[in-house]
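Undergrad: Got a structure for you, questions after.
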Amino acid sequence: MKKFVALALLATAAIATPAMAQSATGTIQVTGVVPGKCAAITPITGTITLNDISTPTGTVLSSFANNSGGLSRSFTVVCTSANASISVSSDALNNSTDSSTGGGYTGRVHYTSTLSANKAGGGTATAVYTTADVLPAVSTTALADRLATGPNNVTVAVSNGTTTNSGDVLKSGSYSSTITVTVSPL
Amino acid sequence: MKKLILLAIPAALVASPAFAQAASGSVGVTGTVGGRCAALTPITGTFDLGELSLTNGTIDTAFSNHVTPLSKSFTIMCTSADANVSIDATPLDNTGDNSTSGGYTGRVHYTATTVFQRVSGTHTYIYGTSNAGGVLAAPLGGRLANQPDNVTLSVSNGHTDNATDLLKSGTYNGVINITVSPL
């Protein structure tokens, strides 16, 4: 009988102890955000130097062939979004002292800015802006793709100098303009 | 603990738009147009006056025997707001003997008149070889008109130092120089 009691107690204790080792469990969520954003890794700045923009006869040199340093500038931009838009606008090249037009002369030269962006899937998207006496709205184009990664993936180029009246002689002086470039996440 | 999580979620939703940044910048474009003038039609040619004398041997002041017209037009372009014009001319000198004496002369004077068309009005330069005043130089006083044949040169008023002098036979040559420079 004693043997029986002893065995019974031991067996009970042995079984009961594991049932009392209670665990606390749960799950912790970890979240993060990557917003759609674009950033210029190389600053979108610089100067395109056209030098003499006139022909020997005084009219506009439409090719800007006297430029130094080339007619385009490239920048490195990153965008996290699946799509992005590129926008470009500018004012005309205006004579710093007299940009008026009259009497066969002009102090204003119009031109075209072509903004292109490399797409991740290949090819480019372009936004084209041509100045006029009444400036048009900003030109915006969606990439319909991710912006390609890599250096110099966004390029702006100038071309096609014109005057309002094609035979006008350019007034001597300095001419300047500013191109505004924007790459936005979509 | 549940309340804390519920508060944190709205915070994340608000934060996202604030990060939707664009990459933007500007590129300057510069150019120049130097002040310059160019002859789009060359300033050259010849006034062939033909026989200079009247039947009595004195100068035909009207150059009425001229072979070519007594005026020529040129097209000049200037990019500058004004231009300086310089004109001088030499008399018609007999290539063999241009002296004057004894009632004869080998020199014929004349007037070179140059009319510049400006954007507003005209500007006229008159140079007489008998005045021998050196180069006539003066600003145009405005932009040169941007049009063909905007400069016209004419010769007139042939004369001799002594009005009754007889012209020595021979060939007579003179030169008119015109310079247009940007100001």
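The values are calculated or read from the model by the stated rules, or taken from the named source; none is laboratory data. All values reported here derive from a predicted model rather than from experimental measurement. Every residue, glycine among them, receives a Cβ derived from its backbone with ideal geometry; neighbour counts consider all protein chains shown. Ligands, DNA and RNA are excluded from the accessible area calculation, which covers all protein heavy atoms including side chains. Shrake-Rupley method; radii C 1.70, N 1.55, O 1.52, S 1.80 Å.
Undergrad: Go through region A:71-124 and count every residue that is more than 11 Å from chain B (Cβ to nearest Cβ) and not aliphatic (A, V, I, L, M).
TA: Summing the residues that are more than 11 Å from chain B (Cβ to nearest Cβ) and not aliphatic (A, V, I, L, M) in region A:71-124 gives 15.
Undergrad: Could you say which residue among B:VAL175, B:VAL108 is aliphatic (A, V, I, L, M) and surrounded by fewer than 19 Cβ atoms within 10 Å (Cβ to Cβ)?
TA: B:VAL175
Undergrad: Only one residue in A:ALA137, A:ALA120, A:ALA144 is among the hydrophobic types (A, V, I, L, M, F, W, C), at positive phi and open to solvent by 40 Å² or more (accessible area, probe 1.4 Å), so which one is that?
TA: Sole residue among the options that is among the hydrophobic types (A, V, I, L, M, F, W, C), at positive phi and open to solvent by 40 Å² or more (accessible area, probe 1.4 Å): A:ALA144.
Undergrad: B:SER73: under 30 Å from A:SER172 (Cα atoms) and open to solvent by less than 40 Å² (accessible area, probe 1.4 Å), yes or no?
TA: no
Undergrad: List the residue pairs whose Cβ atoms are under 6 Å apart, where the first residue sits in region A:51-70 and is within 10 Å of chain B (Cβ to nearest Cβ) and in contact (Cβ under 8 Å) with a residue 60 or more places away in the chain, the second is of a type in the set (S, T, N, Q) and open to solvent by 20 Å² or more (accessible area, probe 1.4 Å), and the two are 6 or more positions apart or on different chains.
TA: Pairs found: A:LEU61/A:THR55.
Undergrad: Condition check: open to solvent by 20 Å² or more (accessible area, probe 1.4 Å), assigned to a loop (DSSP other than H, G, I, E, B) and closer than 30 Å to A:THR97 by Cα. Does B:THR46 satisfy that?
TA: no
Undergrad: To continue, here is another question. Looking at region A:166-180, I want the residues that are within 7 Å of chain B (Cβ to nearest Cβ) and more than 28 Å from A:LEU115 (Cα to Cα) and have a partner that is of a type in the set (A, V, I, L, M, F, W, C) and open to solvent by less than 60 Å² (accessible area, probe 1.4 Å) with Cβ atoms under 6 Å, at least 6 apart or on another chain. Which pairs are those?
TA: Correct list of pairs: A:VAL169/B:MET77; A:SER172/B:VAL33.
Undergrad: If you don't mind, there's one more thing I want to ask. Is there a residue in region A:58-77 that is charged (D, E, K, R) and closer than 19 Å to B:GLY35 by Cα?
TA: no
Undergrad: Do the conditions hold for A:THR131, that is, is it open to solvent by 50 Å² or more (accessible area, probe 1.4 Å) and polar (S, T, N, Q)?
TA: So A:THR131 fails the test.
Undergrad: Right, here's the next one. For region B:129-145, enumerate the residues that are open to solvent by 60 Å² or more (accessible area, probe 1.4 Å) and under 22 Å from A:LYS171 (Cβ atoms).
TA: B:PRO139
Undergrad: Pick from region A:164-182 the residues that are within 16 Å of A:SER90 (Cβ to Cβ) and surrounded by 15 or more Cβ atoms within 10 Å (Cβ to Cβ): which of them is farthest from the chain's Cα centre (by Cα)?
TA: A:TYR175
Undergrad: Out of the residues in region B:153-170 that are open to solvent by less than 40 Å² (accessible area, probe 1.4 Å) and either among the aliphatic types (A, V, I, L, M) or under 22 Å from B:PRO42 (Cα atoms) (or both), which is nearest to the other protein chains (Cβ to nearest Cβ)?
TA: If we take residues in region B:153-170 being open to solvent by less than 40 Å² (accessible area, probe 1.4 Å) and either among the aliphatic types (A, V, I, L, M) or under 22 Å from B:PRO42 (Cα atoms) (or both), then B:LEU153 is nearest to the other protein chains (Cβ to nearest Cβ).
Undergrad: Same structure, new question: Among the candidates B:SER99, B:SER53, which residue alone is more than 8 Å from chain A (Cβ to nearest Cβ), surrounded by fewer than 15 Cβ atoms within 10 Å (Cβ to Cβ) and out of contact with any Phe, Trp or Tyr (no Cβ under 9 Å at 6 or more places or on another chain)?
TA: B:SER99
Undergrad: Out of the residues in region A:96-108 meeting the condition of being surrounded by 23 or more Cβ atoms within 10 Å (Cβ to Cβ) and not in a loop (DSSP other than H, G, I, E, B), tell me which one is nearest to the chain's Cα centre (by Cα).
TA: So, considering only residues that are surrounded by 23 or more Cβ atoms within 10 Å (Cβ to Cβ) and not in a loop (DSSP other than H, G, I, E, B), the one nearest to the chain's Cα centre (by Cα) is A:ARG108.
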